[in-house]
Amino acid sequence: MPKPFLCLGIETSCDETAAAVVADGRRILSNVVASQADLHRRYGGVFPELASRRHVEAVLPVIRAALDEAGAAFSDLGLVAVTRGPGLVGALLVGVSAAKALAFAHDLPLVGVNHLAGHIYANFLDGEPPEWPAVCLVVSGGHTHLLHIEDHGRMRLLGATRDDAAGEAFDKVARLLGLPYPGGPQIDLLARRGDAEAIPFPRAMLDEDNLDFSFSGLKTAVAVYLEREAAAGRTPDRADVAASFQRAAVEVLVAKTVRAADATGVSRVIVAGGVAANAALRERLLAAAAERGLAVSIPPPALCTDNAAMIACAGYHAWRAGRVDGLDMDVAARLPIAGAL
Ligand code: KG4
Ligand code: ZN
């Protein structure tokens, strides 16, 4: 049997220090994620300078742990893939510097990966890989995009949020409800005990003939509702608020994704990013897709949120397509999704 091709993935774009070893671009041999959520909780969001410092402390032990867990040595690797953007510049620099040093020291090719491409490629890990063409919904803390992907390397942006990202809306509403950072998973849990029909929050842009989103009005609607209840001396049921907000957000995400599939004529939908871990989104998208005969691919929840296996997978596909980056590769706080695959 031929030896598997091993890629080391490194991810430090936000508040997770992560490293993974992936065989042949699909089989996860290790996937280590050191979360900094405890560090940032008291600030209610990511504190960039603290994130960079924690990455500096964590990156080498996390890489070591990923290699050990995979039973691999540096000499077994064929490629180093690292997130080069978008994200926090100071945080990205830690991972990229580590990746460059390892690539140089062990004479390995280096590939810089767009973080969002990483989220998309999480769908190609383990299990049966999805086939193109597909419509892809990317829903993370910083981005909300609808893409038409025709093949590896060929994609077109169909729509995007005009203000807040979906994950940002979850985090901001969680904050309004007094839930700890990161708020998305907290809303997901709280909403399970609430009535999603209790409060008719707005479905922004649902009736507009485009594939864009807007979530800031929904967040404001929740804030106004909570203020009004407080002014009237009432204590709102937080679970009902969480469930009703989540229903409004999910309904728009699902409706526009299905519309994008109709508009492009594809029969496959791929979902990516942290918010794809949301139970209500998964359930409603699967139901809507089943009704229309659309195939759906959503990574398991642990691969939806930030990790390095997805970076290794995306890096592997880029490398297979002939991409290699030099040691002069730079990080980028902003990096367009177009051309990222
Ligand atoms: O993709 P990700 O891990 O990091 C970025 O690239 O931004 O996404 C993080 C976002 C956060 O806003 C977080 O609250 C949200 O994804 N998130 C969720 C869930 N898990 C993570 N939102 C709703 N439900 C979840 N279960
Ligand atoms: Zn992410």
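Inspection of the stretch 94-116 finds a residue satisfying the criterion of being in a helix (DSSP H, G or I), among the β-branched types (Val, Ile, Thr) and in the same structural domain as residue 23 (by TED's automatic domain parsing). Filtering 157, 102 for residues that are closer than 15 Å to residue 11 by Cβ and modelled with pLDDT of 95 or more leaves a single hit, 102. When the stretch 124-137 is examined, which residues are found to be surrounded by fewer than 24 Cβ atoms within 10 Å (Cβ to Cβ) and within 16 Å of ligand 1 (Cβ to nearest atom)? Listed by number, the list holds a single entry, 125. Screening residue 201 with (1) open to solvent by less than 50 Å² (accessible area, probe 1.4 Å); (2) in contact with a Gly (Cβ under 8 Å, 6 or more places away or on another chain) gives one miss only, at (2). Would you kindly identify the helices (runs of 4 or more DSSP H) lying entirely within the stretch 266-334 that contain at least 1 residues that are out of contact with any Phe, Trp or Tyr (no Cβ under 7 Å at 6 or more places or on another chain) and away from ligand 2 (no atom under 15 Å from the Cβ)? Answer list for the stretch 266-334: 279-292, 309-320. For the stretch 16-46, filtered to residues that are in contact with an Asp or Glu (Cβ under 8 Å, 6 or more places away or on another chain), open to solvent by less than 50 Å² (accessible area, probe 1.4 Å) and not in a strand (DSSP E or B), the residue that is farthest from ligand 1 (Cβ to nearest atom) is 39. Just so you know, in the stretch 269-315 the residues that are closer than 20 Å to residue 184 by Cα and of a type in the set (Gly, Ala, Ser) include one that is nearest to ligand 1 (Cβ to nearest atom), and it is 274.
Tell me yes or no: at least one residue of the stretch 140-147 is under 18 Å from residue 323 (Cβ atoms), open to solvent by less than 10 Å² (accessible area, probe 1.4 Å) and of a type in the set (Ser, Thr, Tyr). No; the residues of the stretch 140-147 include none that is under 18 Å from residue 323 (Cβ atoms), open to solvent by less than 10 Å² (accessible area, probe 1.4 Å) and of a type in the set (Ser, Thr, Tyr). The conditions are (1) touching a Phe, Trp or Tyr at 6+ places or on another chain (Cβ under 8 Å); (2) within 30 Å of residue 102 (Cα to Cα); (3) of a type in the set (Lys, Arg), and residue 256 fails exactly one of them. Which is it? Of (1) touching a Phe, Trp or Tyr at 6+ places or on another chain (Cβ under 8 Å); (2) within 30 Å of residue 102 (Cα to Cα); (3) of a type in the set (Lys, Arg), only one is false for residue 256: (2).
The values are calculated or read from the model by the stated rules, or taken from the named source; none is laboratory data. Keep in mind that this is a model prediction, so the values were computed, not measured. Heads up, the Cβs are rebuilt from the backbone with ideal geometry, glycines too, and the neighbour counts pull from every protein chain shown. With ligands, DNA and RNA removed, areas are computed over all heavy atoms of the protein, side chains included. Shrake-Rupley method; radii C 1.70, N 1.55, O 1.52, S 1.80 Å.
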